[in-house]
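Quick notes on the structure that follows.
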Amino acid sequence: MNTLLLSTSEEDINLAASFIKTGGVVGMPTETVYGLAANALDEKAVAKIFEAKGRPSDNPLIVHISDFEDIEKFGLVNEVPAVAKLLAEKFWPGPLTIIMPKSDNVPEITTGGLDTVAVRLPSDVNARKLIRASGCPLAAPSANISGSPSPTTANHVFSDMNGKIPAIIDGGECQVGLESTVVSVKDDVITVLRPGGITAEDLRSVYSNVEVCDAVLNKLKEGETALSPGMKYKHYSPKAKVILVKSSDKAFYDFINKQNIDETVALCYKEDEDFVKIPAILMGSKEDLEAQAHNLFADLRLIDACENVKTAYVRCPEAEGIGMAVLNRLIRAAGFEVINLDE
Ligand code: TXA
Ligand code: MG
């Protein structure tokens, strides 16, 4: 199969929608990361998403809509919970995914067999145009091969999906660069299952009872059931080994400059540039968490573009604001391997 790279012209979006209407899968830009989109209510189309990604069948997909009314129009849930309505009013369109009890209209394959459905209304205009032109809600996981870093450009999608899907819409670089915040609303508690562009602090500004699931920054305990199946799986990993380093500036420089210059790369801040003597990928300014989030997946993909690199040591961000989302992705990319030089 030839994979077309499409523009965001009306003609091209209609062409992409025609692939979706006939049960195909299309690469879709969103404000978070690119998605692999298909009709969420068509079992056969959704099966193609799982196949293209090599995704385990128990890991459910997010269902994307273009207007709040789509929830009712497509009968995704029997009733929208009051807290979900409140969140939708404040944060949609935007990088927030809300989990709600599903209706029988949503096939089990889409929700990985769960009785809940994850719904998101993206702010990206081209994503919403594609949903409208397709005339159906779109199931869309991140458009990477399962386990590798999420794609934030059409080229990233092309390198993972070339030959597997008919088309990718090129909407440029994703604005946020990290996937949406995923929350469940149950018993009047909002639980953050995956941190993202909407921070825990943002959520608390509209609702006081917000908890962050322990598994966001910690390994699941032996036998513990994942509240979100995605928590169980290896994620975001380049081929080289990633190790997080918690340390002061000086301790980091002393440590990193002792490493083998031919096999190691440092992921560090712009301010570190003059002090790090081995090859470095600069993640942005130390205080600029938005830039770090925006660049993170492209930086992780760059690690494998550095020849002969076996290990990437990454400076560990603070878990505040969107930093929690950056840390959540990095800690998984590192398989929870963290060196603490401050202890
Ligand atoms: O920003 C995003 O959310 C992107 C773009 C394309 O919208 N999509 C995305 O999808 O990141 P994916 O499939 O890579 O991640 C979805 C996460 C997974 O960890 C999955 O386990 C969780 O959401 N999830 C989906 N439905 C769920 C449900 N019903 N209950 C619990 N977790 C759910
Ligand atoms: Mg993903």
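Just one of the listed residues (Leu227, Leu220) is surrounded by 13 or more Cβ atoms within 10 Å (Cβ to Cβ), in a loop (DSSP other than H, G, I, E, B), of a type in the set (A, V, I, L, M) and touching a residue at least 24 places away in the same chain (Cβ under 8 Å), namely Leu227. All told, Asp304 falls short of being acidic (Asp, Glu), in contact with a Ser or Thr (Cβ under 7 Å, 6 or more places away or on another chain) and within 23 Å of Lys258 (Cα to Cα). In this structure, does Ser142 turn out to be modelled with pLDDT under 95 and within 17 Å of Ala333 (Cβ to Cβ)? Spelling it out, it is not the case that Ser142 is modelled with pLDDT under 95 and within 17 Å of Ala333 (Cβ to Cβ). When region 150-166 is limited to residues that are open to solvent by less than 10 Å² (accessible area, probe 1.4 Å) and not in a helix (DSSP H, G or I), the one that is farthest from ligand 2 (Cβ to nearest atom) turns out to be Ile165.
Would you confirm whether or not region 191-200 contains a residue that is more than 17 Å from Met324 (Cα to Cα) and open to solvent by less than 70 Å² (accessible area, probe 1.4 Å)? No, region 191-200 contains no residue that is more than 17 Å from Met324 (Cα to Cα) and open to solvent by less than 70 Å² (accessible area, probe 1.4 Å). Of the residues contained in region 66-79, none is found to be open to solvent by 50 Å² or more (accessible area, probe 1.4 Å), in contact (Cβ under 8 Å) with a residue 24 or more places away in the chain and within 21 Å of Pro195 (Cα to Cα). Say whether the condition of being farther than 25 Å from Lys90 by Cα and within 16 Å of ligand 2 (Cβ to nearest atom) is met by at least one residue in region 113-125. No: zero hits. When you go through Ile98, Ile71 one by one, which is the residue that is of a type in the set (Val, Ile, Thr), assigned to a strand (DSSP E or B) and over 18 Å from Leu36 (Cβ atoms)? Just one listed residue meets the conditions, Ile98.
In the list Glu320, Glu271, which residue meets the criterion of being surrounded by fewer than 17 Cβ atoms within 10 Å (Cβ to Cβ) and either more than 23 Å from the chain's Cα centre (by Cα) or of a type in the set (Lys, Arg) (or both)?
On the way: Glu320 fails: either more than 23 Å from the chain's Cα centre (by Cα) or of a type in the set (Lys, Arg) (or both).
Among Glu320, Glu271, only Glu271 is surrounded by fewer than 17 Cβ atoms within 10 Å (Cβ to Cβ) and either more than 23 Å from the chain's Cα centre (by Cα) or of a type in the set (Lys, Arg) (or both).
Out of curiosity, is Leu76 at pLDDT 95 or above and more than 30 Å from Val206 (Cα to Cα)?
No.
For Glu89, the test of being more than 30 Å from Met283 (Cα to Cα), within 12 Å of ligand 1 (Cβ to nearest atom) and surrounded by fewer than 17 Cβ atoms within 10 Å (Cβ to Cβ) is failed. In region 135-147, of all residues being more than 11 Å from the chain's Cα centre (by Cα) and surrounded by 24 or more Cβ atoms within 10 Å (Cβ to Cβ), the one that is farthest from ligand 1 (Cβ to nearest atom) corresponds to Pro137.
The values are calculated or read from the model by the stated rules, or taken from the named source; none is laboratory data. Since the structure is predicted, the reported quantities are computational estimates derived from the model, not experimental observations. Reconstructed Cβ throughout: ideal geometry from the backbone, glycine too, with neighbour counts over all protein chains shown. When the accessible area is computed, the model is the full protein with side chains, heavy atoms only, and any ligands, DNA or RNA have been set aside. Shrake-Rupley method; radii C 1.70, N 1.55, O 1.52, S 1.80 Å.
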